[in-house]
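Colleague: Below are the structure tokens for one structure; questions will follow.
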Amino acid sequence: MRAVDLIERKRDGHELTTEEIHFFVEGYAEDHIPDYQAAAWAMAILLRGMTVRETIDLTMAMVASGETLSLRRLGPVVVDKHSTGGVGDKTTLIVGPLVAEAGLPVAKMSGRGLGYSGGTLDKLEAIPGFRVDLSPQAFFDTVSQHGLAVVSQTADLAPADGKFYALRDVTGTVPSLPLIASSIMSKKIAGGADAIVLDVKVGRGAFMETVPEARELAQRMIDIGHGVERRVTAVLANMNQPLGLAIGNSLEVIEAIETLRGTGPRDLREHCLALAVEMLLLGQKASTPEEAYEQLDEILETGRALDRFRRWVAAQGGDPDIVDDVTRLPEAPVQHTVAAPRSGHIARLDARMCGLTAVTLGAGRETKNASIDPGVGLVLHAKVGDHVREGDPLLTIHARNQQEAQAAARRLLEAYAWSETAVQPEPPVYEILREDA
Ligand code: URA
């Protein structure tokens, strides 16, 4: 078999066999196939697409390129959650303790920020002492004892995906449905998940800008799951405006604590509950969405989820006292409140611009190895649908200095569109796709 023949076959619109796909992925992972051929193959896939069967084969070939984690001892069904990435997305910090408290173990591998979208690991590392680099044994022990652990993805799981992803990033081949679907699913399957809740973000601050596109991606991941006996549910969630009010690492930890305490923003609470409900259903901890919701609502209301968060933070080396004293978290030296430039209803608040500005302030990385500043970011005081009067506080920028705060303020004002008349905000969740629906 020759790599060039497989590139040509895909270029000409043919369906590749299981053997051909495994040959290519293995060859690339083991450096027998060079980057230029892999890039040509990825471009042929982007232009020609893949059938469901080919996408399943691609996923499993990437799983086979490395180790797979067995979490079977944790419980009968291991449920994972994956977000396709967004702005202000601190859901793991809330959903993790929430479902762990409902009796579903959470053994999660997360990522760092990518572009304008934040990463769970960066948020957790804002907590003084918190360690995300646990050994496999410590990871397993922490989940066994505390019901929950979140660590960084090891390079040993689906290494072919890591190599492919880096190549796609610089060859214009990221936005391909089969490539995205197999990339995400290979990591989840290698990570030991039996069932997966996908948080597919849709809108200005997401990969998929429209609901039909997101639905197609979600359906392909459900099909992959179905093909390899993993149950998958997809929650299509609004990412036109940021999720919640806080963007930036320390600030998002604070908002997660507030949400666990019952005083967080409504959209964030609803979004987290929607994901947690689906996790309990897949994990067989509830038989109907209503039953799951009731259980989770009670866990939040009674403060049990917050207690679980505290114990989890301590178990991973973090300072649990941040829960009662958030001033123990890193704080930016400058806090600059921006006043509303006019009266009106907020009609649009561009999530991508908010995310990009947070990166410029230092909350994310502009280059691959740049360090981040955990204290910086922004806190919105109003969102789409809210009415504000000229001069009211619109948002507060947390910056390293006045100059950066002023520059961010000028940029952020561009993220808003205004309306004279009332605006109905979109729901945090558009729709839920279940395998058996
Ligand atoms: N996230 C992934 O893990 N892979 C992709 O290809 C896109 C988003």
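Colleague: Could you grab me the full set of residues in region 306-329 that are over 19 Å from Leu121 (Cβ atoms) and in contact with a strand residue (DSSP E or B) (Cβ under 9 Å, 6 or more places away or on another chain)?
Modeller: Arg308, Arg311
Colleague: Another question, if that's okay. Inspect all residues belonging to region 79-100 and state whether any of them is surrounded by fewer than 22 Cβ atoms within 10 Å (Cβ to Cβ), more than 16 Å from the ligand (Cβ to nearest atom) and not assigned by TED's automatic domain parsing to the domain that holds Gly377.
Modeller: For region 79-100, residues surrounded by fewer than 22 Cβ atoms within 10 Å (Cβ to Cβ), more than 16 Å from the ligand (Cβ to nearest atom) and not assigned by TED's automatic domain parsing to the domain that holds Gly377: absent.
Colleague: Here's another thing I want to ask about it. Among Val150, Val197, which is the only one that is assigned to a strand (DSSP E or B) and within 16 Å of the ligand (Cβ to nearest atom)? Break it down into steps so the answer makes sense when it comes.
Modeller: Details: Val150 fails: within 16 Å of the ligand (Cβ to nearest atom).
Checking each option against the conditions leaves just Val197.
Colleague: Further question on the same structure: Suppose we filter Val376, Val313 for residues that are more than 30 Å from Glu404 (Cα to Cα), of a type in the set (A, V, I, L, M, F, W, C) and crowded, with 22+ Cβ neighbours inside 10 Å; which single one remains?
Modeller: Val313
Colleague: Hey, another quick one. Looking at the structure I just gave you, is Lys187 within 11 Å of the ligand (Cβ to nearest atom), open to solvent by 40 Å² or more (accessible area, probe 1.4 Å) and in contact with a strand residue (DSSP E or B) (Cβ under 8 Å, 6 or more places away or on another chain)?
Modeller: Judged against the criteria, Lys187 is a match.
Colleague: Then there is this: Quickly run through region 36-64 and pick out the residues that are closer than 15 Å to Thr17 by Cβ, surrounded by fewer than 18 Cβ atoms within 10 Å (Cβ to Cβ) and hydroxyl-bearing (Ser, Thr, Tyr).
Modeller: Scanning region 36-64 gives a single hit, Thr51.
Colleague: Continuing with the same structure: Going through Ala370, Ala339 one at a time, which residue ends up being within 22 Å of the chain's Cα centre (by Cα), farther than 21 Å from Gly264 by Cβ, surrounded by fewer than 20 Cβ atoms within 10 Å (Cβ to Cβ) and aliphatic (A, V, I, L, M)?
Modeller: Ala370
Colleague: Do any residues in region 151-175 that are more than 17 Å from Phe207 (Cα to Cα) have Cβ atoms under 7 Å from those of residues that are open to solvent by 50 Å² or more (accessible area, probe 1.4 Å) and within 10 Å of the ligand (Cβ to nearest atom), where the two are at least six apart or on different chains, and which pairs are they?
Modeller: Gln153/Lys187; Leu157/Lys187; Ala158/Lys187; Asp161/Lys187
Colleague: Moving on. Can you pull out every residue in region 140-150 that is open to solvent by less than 40 Å² (accessible area, probe 1.4 Å) and without any contact (Cβ under 8 Å) to a residue 12 or more places away in the chain? Break it down stepwise before answering.
Modeller: Residues of region 140-150 open to solvent by less than 40 Å² (accessible area, probe 1.4 Å): 140, 142-143, 147-150.
If the condition is that a residue be open to solvent by less than 40 Å² (accessible area, probe 1.4 Å) and without any contact (Cβ under 8 Å) to a residue 12 or more places away in the chain, then no residue fits.
Colleague: Select, from Arg204, Arg220, the only residue that is more than 14 Å from the ligand (Cβ to nearest atom), open to solvent by 20 Å² or more (accessible area, probe 1.4 Å) and either in contact with a Cys (Cβ under 6 Å, 6 or more places away or on another chain) or touching a residue at least 12 places away in the same chain (Cβ under 8 Å) (or both). Give the derivation first.
Modeller: Working: Arg220 fails: more than 14 Å from the ligand (Cβ to nearest atom).
Criteria check complete, one pass: Arg204.
Colleague: Sort through Val132, Val143 and tell me the only one that's assigned to a helix (DSSP H, G or I), among the aliphatic types (A, V, I, L, M) and more than 14 Å from the ligand (Cβ to nearest atom).
Modeller: Within the list Val132, Val143, the selection yields Val143.
Colleague: Specify the residue that is farthest from Ser419 (Cα to Cα); the eligible residues are those in region 320-335 that are open to solvent by 50 Å² or more (accessible area, probe 1.4 Å) and without any contact (Cβ under 8 Å) to a residue 60 or more places away in the chain.
Modeller: Residue satisfying both the conditions and the ranking: Asp321.
Colleague: Determine if region 361-370 includes at least one residue that is at pLDDT 95 or above and touching a Phe, Trp or Tyr at 6+ places or on another chain (Cβ under 6 Å).
Modeller: No: zero hits.
Colleague: Turning to a different aspect of this structure: Please count how many residues of region 153-183 are surrounded by 17 or more Cβ atoms within 10 Å (Cβ to Cβ), among the charged types (D, E, K, R) and within 11 Å of the ligand (Cβ to nearest atom).
Modeller: Residues meeting the conditions: 2.
Colleague: Looking for something within 12 Å of the ligand (Cβ to nearest atom), acidic (Asp, Glu) and either in contact with a Ser or Thr (Cβ under 6 Å, 6 or more places away or on another chain) or open to solvent by less than 50 Å² (accessible area, probe 1.4 Å) (or both) - is there at least one such residue anywhere in region 106-126?
Modeller: No, that holds for no residue.
The values are calculated or read from the model by the stated rules, or taken from the named source; none is laboratory data. Bear in mind that the values here come from a model prediction, so they are computed numbers and not experimental data. Counting neighbours? That spans all protein chains shown, and the Cβs are built from the backbone with ideal geometry, glycine included. Each accessible area value is taken on the protein alone, full model and side chains, heavy atoms only, with ligands, DNA and RNA left out. Shrake-Rupley method; radii C 1.70, N 1.55, O 1.52, S 1.80 Å.
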